[in-house]
1. Mean-square fluctuation check for the chain, GNM, Cα pairs under 10 Å: which of L122, L153, L214 is largest?
2. In nanometres, what is the gap between the two model label sites at D195 and L2, each 7 Å from Cα along Cα-to-Cβ?
3. Given R₀ = 41 Å, FRET efficiency for E124-I252 by Cβ-Cβ distance, to 0.05?
4. Anything over 24 Å Cα to Cα? Flag those among K209/K251; K53/K251; K150/K277; K24/K299, in the order listed.
5. So how far apart, in nm, are the two label points at S172 and R31 if each is 7 Å from Cα heading toward Cβ?
6. Which of A272, A111, A143 ends up with the largest GNM mean-square fluctuation for the chain, with Cα atoms connected below 10 Å?
7. What is the Cα centroid distance between segment 144-183 and segment 22-75, reported in whole angstrom?
8. First measure r as the distance between the Cβ atoms of E184 and R163, then evaluate 1/(1 + (r/R0)^6) with R0 = 22 Å and state the FRET efficiency to the nearest 0.05.
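The values are calculated or read from the model by the stated rules, or taken from the named source; none is laboratory data. The structure presented is a predicted model; accordingly, all values stated were derived computationally and were not measured. Here the Cβ is made from the backbone with ideal geometry for all residues, glycine too, and neighbour counts use every protein chain on show. Surface areas here come from the heavy atoms of the whole protein model, side chains and all, with no ligands, DNA or RNA. Shrake-Rupley method; radii C 1.70, N 1.55, O 1.52, S 1.80 Å.
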Amino acid sequence: MLYAMIDVGSNTIRMAIYEITGDKVEMLMKRKHAVGLAGYVRDHIIQHAGIDKVVEIIHEYRHFLDDLGIHAVTAFTTAALRNAKNGQDAVREISSRTRTNLTIMSGDDEATFDFIGATHDLIEDTGLLIDIGGGSTEIVYFASREIQVKVSLPIGSLNFHTRYTGEHILPSQAELAEMYAEAEATISAVTEFRDVSHAQICGIGGTFKGTMALYNAMFGMPHRNMRMEIARIRLILQRFVRDNELIVPDKILLMRTVPERMHTFMPGLVIADVLSKRFGSQTIIYSDSGVREGYIYAKIIDNEDF
């Protein structure tokens, strides 16, 4: 069975095509557009230019799928439209114009699918799953491979960039401090995790994917390395603030490893650093599976009712 998923996120709009055979899931291909949809939100209203952009890209994806005769398609959107006051109206318009049933995934379901996808092949049976998206951050604490607590926070890499860095690519030290202050205030207000400490973090999503590539290149790690030390993440944050005059090798490093996320990886890492301090974590393990794979395992293969 060929199955397509369209994921309208705050940073990117992705299409992934999977082959599902029994309980085996294999991604065959993926496409993405770095749209920055959260940047089209003004006073909690998604602007029509943003809606038009989503429609344009879904049309492109649907033409591709129709040409290949792939009819099993799920399309969902997360924080960018979920948090907009006119999000439901925007989703209805997009669905009508694209002939695609786009749905809003709740923060609770997003965290659940993140967990299922990321931990399916994970060795650790206890820890924290963190997905830092463009408009929200999902946190799941699991023990004995069962979800204990899950929370969706209204902070993300793109909305931090938009509000604090503006037109600049990299944040200044002062802007970084403002991001830290908001992240610390938001995370300290969460009481659900008060008994969780010294937990292993598993990171998923674009922030961690880009950082993993940058981390491996900076510190001479093997390409397949999937583990980051928190202390070295803080070195990255210190090295790439706008106050520093970047040397040519560093400019090349950013363009090679985080070309599409150059403006959001630092804000995302601020959130990751604050979470690591809060939970006393020393390392982050990166997983390349997440919400889309979790949806397939839960809704298609296991057909569980959420």
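1. Result for the chain, Cα springs under 10 Å: L122 fluctuates most.
2. A separation of 4.9 nm, rounded to one decimal place.
3. On the way: r = 35 Å, r/R0 = 0.85.
Computed FRET efficiency for E124 and I252 comes out at 0.70.
4. Working: K209/K251 19 Å; K53/K251 30 Å; K150/K277 18 Å; K24/K299 14 Å.
The pairs that break the limit, which is 24 Å between Cα atoms, are K53/K251.
5. Those two pseudo-labels are separated by 4.1 nm.
6. Answer for the Gaussian network model of the chain: A143.
7. 24
8. Details: r = 16 Å, r/R0 = 0.72.
That pair, E184 with R163, gives E of 0.90.
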